[in-house]
Each structure stands twice: as C-alpha cells, then as structure tokens.
Amino acid sequence: MKTKESGKLVIGLFGFGVVGQGLYKVLQEVQTADATIKSICVKHHEKQRLLKPDQFTFNPQDLLNDPEINLIVELIDDPDAAYEIVKTALLNGKSVVSGNKNMLAHHLSELIGIQREKEVALLYDASACGSIPVIRNLEEYYDNDLLQSITGILNGSSNFILTRIFQQNWDYDKALRHAQELGFAESNPVFDVDGFDSMYKLVILGLHGFGSLVDPAEVFHYGISTISEFDIRYAREKGKKIKLVAQVNKVNGRRFSMFVLPKLVNSDEYIFNVEDEYNGVIIEGQFYDKQFMFGKGAGAFPTGSAVLSDITARKHQYRYEYKKLNFFTPPVYTRDLTVEVYLRYHDLVDLSHFDFETITEKYTAQDYNFVIGRIRLENLYKLKNLVRKLNVFLAWTGKI
C-alpha cells in the first residue's frame, strides 16, 4: 500500500557490523533517500569503530524512546535481542526495517498483529536473498492465487563454497576456510552450511507467496557439511552440479510443502550457473510459467542496498498488505509428498534408517555406496536430528 510521501526519516540503527556499515556508506552516497541516522546502538564497548564515539550508544532505550526517531533499523545477529527490539519499537509506534530472518521466521505472526494494531510497518525485504527484491515482488506482482512454486539458492555462503568445489576442484574444508577468510561464512558456519539460513528465508517467502506461516521446527532442512569427493565425482560424471536449494510448492491444489536440500542440478536449469555469493530464485505460476530473479545474496553493499530499499519504501508509507493471508484461503502445510533423492552411505546400518518406497538405482563398492529412490518427506523429517550424525550425504534429484 502506498500513500503520499511523508517527511524526513530519522533512523535509529541497531548494529554496526558488515551490513550496518554497508548501509551507512550507501546512505552517504544516496542523497535522494531523505533519511539520516541519528544514533547507532552497539553491544561491545571495547570495539574500535570508524565513526565518532558520540554517534554510538550502548543503551537500546536511547533509540526506542527517542521521540525524534521515527524508524528503527535492526541489523544485529542475536535473534532474541532482535525480537525484543522490534517488538518494543512497534509497540512504541515506530516503524521497523529488519534483516533478521531467524527472528522473523519465529515471530512474524505476533509482529504482524502488533503492526496492524499500532498502524505502523515492519519491512524486511533484506532478510531474504540480499539484493533480490523477492518479498516485494511476491506481494505486488504475484498477488494472486496462481503461484505454484518458489525454488532458489537462498544462501550465498554455501553457494560460494560449492562454487569453489566445482569450479576450482577444492575440497569442502578448503572452500569453507576461504569463505570464512572472506567473511562470507562465520567461524561457526552451521547456520549457513546446514540449511538453517535458507530454511528461515523459505518460511518468510512461503508466507508472502502462499499466505501461510509455517513453524520453522516443522520444516525439513539438510545442508552440505557432509559432502564428499564421491558425491562431487558422481555429480560431475552425470554432468550436474550440487547446489543447496530451498523449495516451496503447492501439492494437489490446496496444500503446500517446503524443504531445504542439496540438489543435483542439470545444466539446463536456471540455477546451474548461479555461482559464488549470488542467489537465484525461480518463481513458477499456473499460467506465467517460470520467471527467474538473480543477484548478490551476501556482502555489505548488496544487503545494505536492500535495507535502503526498505527505508525508501517506508519513506513513501509502503507496508506489506499480506494479500495472500488476508484475501485468499491459504493452503494447508503438509509433508505428505514423495521426493526422489540420492543417498550416499557408508554401511547398511546407515541405509537402514531410510524407508525408501522404491529404489531406481543402486551402486555398491568398498568405500562408496549410493542409492537413488523415492522417499516420503515425512520420513525424512522424522530423521532430521539423526541424519546429521550419520556418515551419509543426501541430495534431491529434482523429482517430486
């Protein structure tokens, strides 16, 4: 919803890490934004920063209770602290821009209610896919009941690692270290490489695409941390690449499902050539077929620019209308579907945990065994805590 342009935005910024600094620099370059950062709240007193000390505070209430600040921008890592900041700001009548996909995926239902009650806005296009405006496109362009699926590479860190593996023949550990050195992956990379980040983004996209908010605990997600030279060799022999892919799709019209899995990607697929820290999203509809969106999913300036886009949108009084949630009957979430997967395993004990309905291909060797077969997503979900402890690697073939 857009109305007449309002006055100058006075921003209270939480967090001055990679994205916060990127936003600050972008704002200096874009004079048309008509927005200024009044104060920045940070956590660590001892950290050296480029700006003057009087531009920072360590007390969140200095921003949340400042009557001059009319927009809170939340760019911190801690989802619990982010939740308290965003909730308090909305209750105080301040609109918010947030990039915390973990917090949003867990608390959107409550926060949507608060912003409606207080007649303020919560914008978070930067939380999913960095510089790609997926959420706003789902809200504005795909605001009908024709959407069939959203498929994408939603995590730049894992995609960077897989690019180094397939383009430069690096092993997983070397590729991960390089991603960490460049700042694409954290010292503890589990959030990215085990699919949590992609899953939280997928939950958010599912809300805007289909009108249903799914509890993240109900979504099966599996990452790339157990990939081996055997899996890489298999993909290459078949002329494929392995990408970490998030998928949400309608099932039998009035139901939908979602999951995150490595995927064996064919050369004729859009995401085959999405490399490095880039993201790629395919949106498929009943009559408009497939449409592809591509852009950087990580980094200070791409994400900072996405945050600026949310700020500019709020300048024009934009807010999400949640059309699928408010004007359609949302489909029901289900894990009742069958997917075809590649499973590399070490021994029969590992294999025995997977209840395949059918097996179409099987290979056995001294140190490398795999099967390709169909298995119910519900069965995979029941294994979600065990599967990461097994000596296996799982990848989706793309067939449902």
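The values are calculated or read from the model by the stated rules, or taken from the named source; none is laboratory data. Note that the coordinates shown come from a computational prediction; the quantities given were computed from them, not determined experimentally. Methodologically, a virtual Cβ is constructed for each residue, glycine included, from the backbone with ideal geometry; neighbour enumeration extends over all protein chains shown.
Scan the range 214-222 and tell me whether some residue there is more than 18 Å from residue 335 (Cβ to Cβ) and more than 12 Å from the chain's Cα centre (by Cα).
So far as the range 214-222 goes, no, none of its residues is more than 18 Å from residue 335 (Cβ to Cβ) and more than 12 Å from the chain's Cα centre (by Cα).
With the condition kept exactly as written, say whether any residue in the range 30-45 is loosely packed, with under 10 Cβ neighbours inside 10 Å and of a type in the set (Asp, Glu). Show your work before the answer.
Here is the first cut: in the range 30-45, the residues loosely packed, with under 10 Cβ neighbours inside 10 Å are 31-32, 44-45.
Now narrow it down to the ones that are of a type in the set (Asp, Glu): none.
Checked against the condition, which is being loosely packed, with under 10 Cβ neighbours inside 10 Å and of a type in the set (Asp, Glu), the range 30-45 yields no hits at all.
Please give the number of the condition residue 37 fails out of (1) farther than 15 Å from residue 71 by Cα; (2) modelled with pLDDT of 90 or more.
So residue 37 meets the others, but not (1).
Give the range 115-140 a look and list any residue that's at positive phi and either surrounded by fewer than 18 Cβ atoms within 10 Å (Cβ to Cβ) or not in a loop (DSSP other than H, G, I, E, B) (or both), or say none. If you could, list the steps in order and put the result at the bottom.
Looking only at the range 115-140, we keep the residues that are at positive phi, and these are 119, 129-130.
Across the range 115-140, the qualifying residue is only 119.
Considering only residues that are surrounded by fewer than 21 Cβ atoms within 10 Å (Cβ to Cβ) and not polar (S, T, N, Q), which ones fall in the range 214-233?
Selection gives 214, 215, 216, 217, 218, 229, 230, 232, 233.
Give the residue, chosen from 27, 13, that is outside any strand (DSSP E or B), of a type outside the set (Val, Ile, Thr) and touching a residue at least 12 places away in the same chain (Cβ under 8 Å).
27
Of (1) at pLDDT 95 or above; (2) part of a loop (DSSP other than H, G, I, E, B), residue 271 satisfies all except one. Which?
Failing condition for residue 271: (2).
Being assigned to a helix (DSSP H, G or I), aliphatic (A, V, I, L, M) and under 17 Å from residue 60 (Cα atoms) narrows it down to one of 112, 85, 76, so name that one.
Among 112, 85, 76, only 85 is assigned to a helix (DSSP H, G or I), aliphatic (A, V, I, L, M) and under 17 Å from residue 60 (Cα atoms).
Considering only the range 93-106, I want to know if a residue exists there that is over 29 Å from residue 295 (Cα atoms), outside the structural domain of residue 216 (by TED's automatic domain parsing), under 21 Å from the mean Cα position of the chain (by Cα) and surrounded by fewer than 24 Cβ atoms within 10 Å (Cβ to Cβ).
no
Confirm whether residue 332 is more than 24 Å from residue 243 (Cβ to Cβ), touching a Phe, Trp or Tyr at 6+ places or on another chain (Cβ under 9 Å) and surrounded by fewer than 16 Cβ atoms within 10 Å (Cβ to Cβ).
yes
Check the range 145-155 and report whether any residue there is crowded, with 24+ Cβ neighbours inside 10 Å and of a type in the set (Val, Ile, Thr).
Yes, because at least one residue in the range 145-155 is crowded, with 24+ Cβ neighbours inside 10 Å and of a type in the set (Val, Ile, Thr).
Can you work out which of the residues in the range 4-22 that are at pLDDT 85 or above and of a type in the set (Gly, Ala, Ser) is surrounded by the most Cβ atoms within 10 Å (Cβ to Cβ)?
Per the criteria, the residue is 12.
May I ask you to say which residue of 160, 184, 191 is modelled with pLDDT under 95, outside any loop (DSSP other than H, G, I, E, B) and under 29 Å from residue 137 (Cβ atoms)?
Details: 160 fails: modelled with pLDDT under 95; 184 fails: outside any loop (DSSP other than H, G, I, E, B).
None of the other options fit; the residue is 191.
Among residues belonging to the range 37-67 that are free of Cβ contacts under 8 Å to residues at least 24 places away in the same chain and touching a Lys or Arg at 6+ places or on another chain (Cβ under 9 Å), point out the one that is nearest to residue 27 (Cα to Cα).
55
Given the options 173, 143, name the one that is assigned to a helix (DSSP H, G or I) and acidic (Asp, Glu).
Numbers: 143 fails: assigned to a helix (DSSP H, G or I).
That would be 173, the only listed residue that is assigned to a helix (DSSP H, G or I) and acidic (Asp, Glu).
List the pairs whose first member sits in the range 170-194 and is assigned by TED's automatic domain parsing to the domain that holds residue 160, whose second member is modelled with pLDDT of 95 or more and aromatic (Phe, Trp, Tyr), and whose Cβ atoms are under 6 Å apart, counting only residues at least 6 apart or on separate chains?
Close Cβ pairs satisfying both conditions: 179/160; 184/160.
Is it true that some residue in the range 232-243 is under 14 Å from the mean Cα position of the chain (by Cα) and part of a helix (DSSP H, G or I)? Spell out the reasoning first.
Initially, the range 232-243 is screened for residues under 14 Å from the mean Cα position of the chain (by Cα), giving none.
Within the range 232-243, none of the residues are under 14 Å from the mean Cα position of the chain (by Cα) and part of a helix (DSSP H, G or I).
For the range 352-383, name all the residues that are of a type outside the set (D, E, K, R), surrounded by fewer than 19 Cβ atoms within 10 Å (Cβ to Cβ), over 29 Å from the mean Cα position of the chain (by Cα) and not in a loop (DSSP other than H, G, I, E, B).
352, 358, 359, 360, 363
Say whether the condition of being part of a strand (DSSP E or B) and either at pLDDT below 90 or within 18 Å of the chain's Cα centre (by Cα) (or both) is met by at least one residue in the range 300-322.
No, the range 300-322 contains no residue that is part of a strand (DSSP E or B) and either at pLDDT below 90 or within 18 Å of the chain's Cα centre (by Cα) (or both).
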